[in-house]
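Reviewing the structure listed below.
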Amino acid sequence: MGGAVSAGEDNDELIDNLKEAQYIRTDLVEQAFRAIDRADYYLEEFKENAYKDLAWKHGNIHLSAPCIYSEVMEALDLQPGLSFLNLGSGTGYLSSMVGLILGPFGVNHGVELHSDVTEYAKQKLDVFIRTSDSFDKFDFCEPSFVTGNCLEIAPDCCQYDRVYCGAGVQKEHEEYMKNLLKVGGILVMPLEEKLTKITRIGPSAWETKKILAVSFAPLVQPCRSESGQPKLVQLPPLAVRSLQDLARLAIRGSIKRAMRQEATRGGGLKSTPMFKRRRLRRRRMETIVFLDKEVFASRISNPSDDTSYEDAEEDRREVAERTLREAKPEPPVNFLRQRVLRLPLPDPLKYYLLYYREK
């Protein structure tokens, strides 16, 4: 599934292509897509395919095509503070992008059928929090992933503002999916070979819109346990943030505001250019000399016009510039983390402010 847009050389070029093709239409969705590099969710040996508009599957690990994820993100109409449930959460790529929009007071839950994929998603999330500059540019709603069949969610679970199902939903399960929604909520799922948006406009009233034709593997039907009872999936509780966590958000927010004010006043937050601008080769000038009424054409050398020196110097510059272009760019400087690490605080408190967690 996919192939609607051209392949990109990197994540930004892929997003440019999705924007040009009108799959990405809003600033919030664009910012989320640019903030998380799709290649980070691929296994190392398959990363060369990360920026193609194609689905990828290896064993139980699966990623939908970028054009599908962008349509899903746009259809969900995400806003800060909403609750989100991802059925078939997979690698956590979509859940992490959603978390950038939901912000610290949202809810971000995922249910994944395969335990090895749940662990994979948790590892990718941990790397994102520890290493990504994007994590520090956004107030993030961290996803929580559980393993189980999404058709066996405990009946006493809460309802959500937004729900997405990443597998084909059979018609007999449509009502089950709808009941996961709050009034005013939006459900996006593949239903009868169409990516479908369903909005709950009342306790028993719905609006349905077909978005585009898709082809998804169908939901896996539940397997009964030996006792014949369903293996109910317990979703994470809707926990209230602790005072410690609220203090961390406030401190990080204060540091970010101070850094923005410094940048506005011309502070030292600007990055140096990654590459030098290519210098143009000097053109040789022909000089025309007038002697009375005769015209005498000749090339008159300037003192600095030493061709052998110029050619050697130009060759040297081209080699140097080519080396710069081919060199792997240095990672961007994370000014927030630098500022936190310079605070006169004990190291454990610094790491807490940076969301570093002990294993």
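All but one of (1) surrounded by 14 or more Cβ atoms within 10 Å (Cβ to Cβ); (2) in a loop (DSSP other than H, G, I, E, B) hold for residue 29; state the number of the condition that does not hold.
Status for residue 29: all satisfied but (2).
Test of understanding: among 212, 249, which residue is under 25 Å from the mean Cα position of the chain (by Cα) and either buried (at least 18 other Cβ atoms within 10 Å of the Cβ) or assigned by the TED database to the domain that holds residue 125 (or both)? Don't jump to the end; show me each part of the working.
On the way: 249 fails: either buried (at least 18 other Cβ atoms within 10 Å of the Cβ) or assigned by the TED database to the domain that holds residue 125 (or both).
The conditions single out 212.
Counting just the residues of segment 63-87 that are crowded, with 18+ Cβ neighbours inside 10 Å and over 15 Å from the mean Cα position of the chain (by Cα), which one comes out nearest to residue 150 (Cα to Cα)?
Keep residues of segment 63-87 that are crowded, with 18+ Cβ neighbours inside 10 Å, which gives 63-76, 78, 82-87.
If we keep only those that are over 15 Å from the mean Cα position of the chain (by Cα) too, we end up with 75-76, 82-87.
On the way: 75: 21, 76: 19, 82: 20, 83: 17, 84: 14, 85: 10, 86: 9, 87: 6 Å.
Ranking the candidates gives 87 first.
Counting only residues that are among the polar types (S, T, N, Q) and out of contact with any Cys (no Cβ under 9 Å at 6 or more places or on another chain), which one in segment 41-88 is farthest from residue 198 (Cα to Cα)? Quick ask: steps written out before the conclusion?
Residues of segment 41-88 among the polar types (S, T, N, Q): 49, 60, 64, 70, 79, 83, 86.
So of that shortlist, the ones also out of contact with any Cys (no Cβ under 9 Å at 6 or more places or on another chain) come out as 49, 60, 64, 70, 79.
Values: 49: 32, 60: 28, 64: 20, 70: 17, 79: 17 Å.
My answer is 49.
Looking only at residues in segment 143-162 that are under 21 Å from residue 103 (Cβ atoms) and in contact with a helix residue (DSSP H, G or I) (Cβ under 6 Å, 6 or more places away or on another chain), which one is surrounded by the most Cβ atoms within 10 Å (Cβ to Cβ)? Can you show your working first?
Taking segment 143-162 first, the residues under 21 Å from residue 103 (Cβ atoms) are 143-145, 158-162.
Narrowing further to those that are in contact with a helix residue (DSSP H, G or I) (Cβ under 6 Å, 6 or more places away or on another chain): 143, 145, 162.
On the way: 143: 23, 145: 22, 162: 25.
Applying the filter and picking the extreme gives 162.
Which residues, taken from segment 215-237, are open to solvent by 100 Å² or more (accessible area, probe 1.4 Å) and either under 20 Å from residue 84 (Cβ atoms) or part of a strand (DSSP E or B) (or both)? It would help to see each step written out before you state the result.
Initial filter on segment 215-237 (open to solvent by 100 Å² or more (accessible area, probe 1.4 Å)): 224, 226, 229, 231, 234, 237.
Answer for segment 215-237, where residues must be open to solvent by 100 Å² or more (accessible area, probe 1.4 Å) and either under 20 Å from residue 84 (Cβ atoms) or part of a strand (DSSP E or B) (or both): 234, 237.
Show the residue pairs meeting these rules: Cβ distance below 8 Å; 6+ apart or different chains; first residue within segment 29-56 and assigned by the TED database to the domain that holds residue 123; second residue modelled with pLDDT of 95 or more and surrounded by fewer than 21 Cβ atoms within 10 Å (Cβ to Cβ).
Going by the 8 Å Cβ cut-off, there are no qualifying pairs.
For segment 102-114, give me each residue that is buried (at least 22 other Cβ atoms within 10 Å of the Cβ) and under 16 Å from the mean Cα position of the chain (by Cα).
Of everything in segment 102-114, those that are buried (at least 22 other Cβ atoms within 10 Å of the Cβ) and under 16 Å from the mean Cα position of the chain (by Cα) turn out to be 102, 108.
Assigned by the TED database to the domain that holds residue 215 and modelled with pLDDT of 95 or more, is that true of residue 107?
On the way: assigned by the TED database to the domain that holds residue 215: yes; modelled with pLDDT of 95 or more: yes.
The answer is yes for residue 107.
Give the residue that is nearest to residue 7 (Cα to Cα), with candidates limited to residues of segment 17-26 that are outside any helix (DSSP H, G or I) and open to solvent by 70 Å² or more (accessible area, probe 1.4 Å).
We begin by selecting, within segment 17-26, every residue outside any helix (DSSP H, G or I); these are 21-26.
Still in the list and also open to solvent by 70 Å² or more (accessible area, probe 1.4 Å): 22, 25.
On the way: 22: 15, 25: 19 Å.
The qualifying residue nearest to residue 7 (Cα to Cα) is 22.
Against the conditions (1) open to solvent by 20 Å² or more (accessible area, probe 1.4 Å); (2) under 20 Å from residue 90 (Cβ atoms), where does residue 207 fall short? Just the number, please.
(2)
Residues that are among the acidic types (Asp, Glu), at least 1 per element: which helices (runs of 4 or more DSSP H) completely within segment 84-161 meet that? Quick ask: steps written out before the conclusion?
Values: elements: 93-102, 115-131, 133-137.
Here the list reads 115-131, 133-137.
Pull out all pairs, ordered by first then second residue, where Cβ-Cβ is under 8 Å, the residues are six or more apart or on different chains, the first lies in segment 123-136 and is open to solvent by less than 10 Å² (accessible area, probe 1.4 Å), and the second is assigned to a helix (DSSP H, G or I) and aromatic (Phe, Trp, Tyr).
Partner pairs satisfying both residue conditions: 129/135; 135/128.
Of the residues in segment 166-196, how many are open to solvent by 50 Å² or more (accessible area, probe 1.4 Å) and either part of a loop (DSSP other than H, G, I, E, B) or charged (D, E, K, R) (or both)?
Of the residues in segment 166-196, 8 are open to solvent by 50 Å² or more (accessible area, probe 1.4 Å) and either part of a loop (DSSP other than H, G, I, E, B) or charged (D, E, K, R) (or both).
Check off (1) closer than 30 Å to residue 335 by Cβ; (2) within 28 Å of the chain's Cα centre (by Cα) for residue 243 and give me the number that stays unchecked.
Single failed check for residue 243: (2).
Report whether or not residue 117 is touching a residue at least 24 places away in the same chain (Cβ under 8 Å) and of a type outside the set (Phe, Trp, Tyr). Don't jump to the end; show me each part of the working.
Numbers: touching a residue at least 24 places away in the same chain (Cβ under 8 Å): yes; of a type outside the set (Phe, Trp, Tyr): yes.
For residue 117, the condition - touching a residue at least 24 places away in the same chain (Cβ under 8 Å) and of a type outside the set (Phe, Trp, Tyr) - is met.
List pairs: first in segment 137-160 and acidic (Asp, Glu), second not in a loop (DSSP other than H, G, I, E, B), Cβ under 6 Å, 6+ apart or cross-chain?
Close Cβ pairs (under 6 Å, with a partner that is not in a loop (DSSP other than H, G, I, E, B)) amount to 152/233.
Only one residue in 38, 34 is open to solvent by 30 Å² or more (accessible area, probe 1.4 Å) and within 13 Å of the chain's Cα centre (by Cα). Which one?
On the way: 38 fails: open to solvent by 30 Å² or more (accessible area, probe 1.4 Å).
Selected residue: 34, the only one of 38, 34 that is open to solvent by 30 Å² or more (accessible area, probe 1.4 Å) and within 13 Å of the chain's Cα centre (by Cα).
The values are calculated or read from the model by the stated rules, or taken from the named source; none is laboratory data. It should be emphasised that the depicted structure is a prediction, and the values quoted were computed from it without experimental measurement. Cβ atoms come from the backbone with ideal geometry, glycine included; neighbour counts cover every protein chain shown. These area figures cover heavy atoms from the full protein model, side chains too; ligands, DNA and RNA do not enter into them. Shrake-Rupley method; radii C 1.70, N 1.55, O 1.52, S 1.80 Å.
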